[in-house]
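Peer 1: What follows is a single structure, and I will ask about it in a moment.
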Amino acid sequence: SKFIPHLYCPGTTSEQAGKSSSCQGCPNQKMCASGATKAPDPAIAEIGVKLSTVAHKILVLSGKGGVGKSTFSAHLAHALASDSTKEVALLDVDICGPSIPRIMGLEGEQVSCGLYVDDNLAVMSIGFLLSSPDDAVIWRGPKKNGMIKQFLRDVDWGELDYLIVDTPPGTSDEHLSIVQYLSSTHVDGAVIITTPQEVSLQDVRKEIRFCQKVKLPIIGVVENMSGFVCPKCKNTSQIFPPTSGGAERMCADLNLPLLGKIPLDPRIARSCDEGRSFLNVVPDSPAAKVYQSIVQSERLQRIHTQHTHTQTCPVPICPPLSSYCEFR
């Protein structure tokens, strides 16, 4: 609007920190303007060293909540781990709404260093640090950012082929922190999730703009809940009509790859509630085939050949998270 010409946070290390028109009203404006935030965070370099044993890092993003980011993240991890020669990990940084433990069949587990779903698939979530799955994490931005930093710095996955990072919806503190903390390490990019209707797409366009602003590569877009395929007649019904052309039109307009269109299937929700991989429960379903095609897509295959491990860690070590007792 004409009253808010810039809606983008310039970042704490920018020359415009605390001075930009978008900083007006921010509670940290004075601190940023003073220059106190420009000193490099030593944790960024530490995270770079810790994640140097991870070949590929993929963020799963969306501007909209409820579009299936966690479901996609979990099943992308399962699909990648179906190759027994690959080491895969899934990191849940949705601090206030962690659903990965339930989806991965690990709800109720309490650990401080991560759990293995399979021999080659590890998971870490704040949900493992709560005394009950119903506990609410009522934190302001700085504390959430501190937890994300701790996950990235203190969880030692060992040598990985893929680290999938499931994020909360939006373009706020957590997203800026993730990009900042990963700035000293190679990140392959983001997979952006949407559903077909314009209500979702309008927020996803903001997420795309966020990625462009912070120079985070976009691997591609996935349209989730893209029609319902009748198991009897095989016809497709549009449950969420793509009134503005859906993800396909948006990707064409913005020159972005459309990785796939995953149909709506009630068995996906049931599998997530039961903590089982939908890809194993119904491997021949239309939705499972789209997941497999996404993993085998040229974009993801190209990522696999672009970057290799730069350092090895022969023994995976999981140091306790220093402040996880604060959850108790």
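Each reported figure results from applying straightforward, stated rules to the coordinates on display, with no laboratory input. For clarity, every value in this text was computed on a predicted model and none was experimentally measured. When we count neighbours, we look across all protein chains shown, and the Cβ atoms used for this are built from the backbone with ideal geometry, even at glycine.
Peer 1: Return the single residue from Pro286, Pro168, Pro196 with maximal mean-square fluctuation; model: Gaussian network over the chain, springs between Cα atoms under 10 Å.
Peer 2: Pro286
Peer 1: Something else now. With the dipole of the chain worked out from charges on the C-beta (+1 for Lys and Arg, -1 for Asp and Glu) around the Cα centre, which of Pro168, Met124, Leu91 lies farthest toward the positive end?
Peer 2: Comparing the listed Cα positions along the dipole, Pro168 ranks first.
Peer 1: Related question: On a full-extension model of 0.36 nm per residue, what is the gain between Cys230 and Arg140, subtracting their alpha-carbon distance, rounded to one decimal in nm?
Peer 2: Taking Cys230 through Arg140 to full extension adds about 28.0 nm, to one decimal.
Peer 1: Would you work out which of Ala33, Leu256, Thr185 lies farthest towards the positive end of the dipole of the chain, given +1 charges on the beta-carbon of Lys and Arg and -1 on that of Asp and Glu, about the Cα centre?
Peer 2: Of Ala33, Leu256, Thr185, it is Ala33.
Peer 1: Provide the net charge surrounding Gly246, with neighbours chosen by a C-beta distance below 12 Å and charges set as Lys +1, Arg +1, Asp -1, Glu -1.
Peer 2: In short, -2.
Peer 1: Calculated from DSSP H runs of 4 or more alone, at -39500 (n - 2.57) each and per residue, what is the 222 nm mean residue ellipticity of the chain, nearest 500?
Peer 2: -10000 deg cm²/dmol
Peer 1: With θ set to phi - 60° and the Karplus curve 6.51 cos²θ - 1.76 cosθ + 1.60, what are the ³J(HN,Hα) couplings of the stretch 77-91 in order, to the nearest whole Hz, using x for Gly and Pro?
Peer 2: Computed from phi, the couplings for the stretch 77-91 are 4, 4, 5, 5, 6, 5, 8, 5, 8, 9, 9, 10, 9, 10, 10 Hz.
Peer 1: Can you put Trp157, Trp139 in order, fewest other beta carbons within 10 Å first?
Peer 2: Ranked by crowding around the Cβ, least crowded first: Trp139, Trp157.
Peer 1: Taking the stretch 220-306, which trypsin sites (Lys or Arg not before Pro) meet the DSSP loop condition and have no more than 12 other C-beta atoms within 10 Å?
Peer 2: Passing both the DSSP loop test and the Cβ count: Lys232, Lys234.
Peer 1: Here is a follow-up. Taking neighbour counts of Cβ atoms within 10 Å as a proxy for exposure, in what order, fewest first, do Asp154, Asp173, Asp134, Asp253 appear?
Peer 2: Least to most surrounded, the residues fall as Asp134, Asp253, Asp173, Asp154.
Peer 1: GNM, the chain, Cα, under 10 Å: largest mean-square fluctuation among Ser184, Ser20, Ser172?
Peer 2: Looking only at Ser184, Ser20, Ser172, the largest GNM fluctuation is found for Ser20.
Peer 1: Related question: Greater than 19 Å separation of Cα atoms is the criterion. Which listed pairs, Lys50/Lys149; Lys64/Lys206; Lys213/Lys261; Lys30/Lys215; Lys19/Lys215, meet it?
Peer 2: Violating the 19 Å Cα-Cα cut-off are Lys213/Lys261; Lys30/Lys215; Lys19/Lys215.
Peer 1: For Rg and Dmax of the Cα atoms in Å, which listed value, (1) 28.6, 95; (2) 22.9, 69; (3) 19.8, 66, comes from the coordinates shown?
Peer 2: (3)
Peer 1: Now a separate question. With the dipole of the chain worked out from charges on the C-beta (+1 for Lys and Arg, -1 for Asp and Glu) around the Cα centre, which of Leu51, Val295, Ser20 lies farthest toward the positive end?
Peer 2: Ranked along the dipole, the leading option is Ser20.
Peer 1: Counting other C-beta atoms within 10 Å, which of Ile294, Ile178, Ile44 has the fewest, and how do the rest follow?
Peer 2: Ile44, Ile294, Ile178
Peer 1: Provide the percentage of antiparallel DSSP beta bridges, counting only those with both residues in the chain; round to the nearest 5.
Peer 2: If we restrict to bridges inside the chain, about 15 percent are antiparallel.
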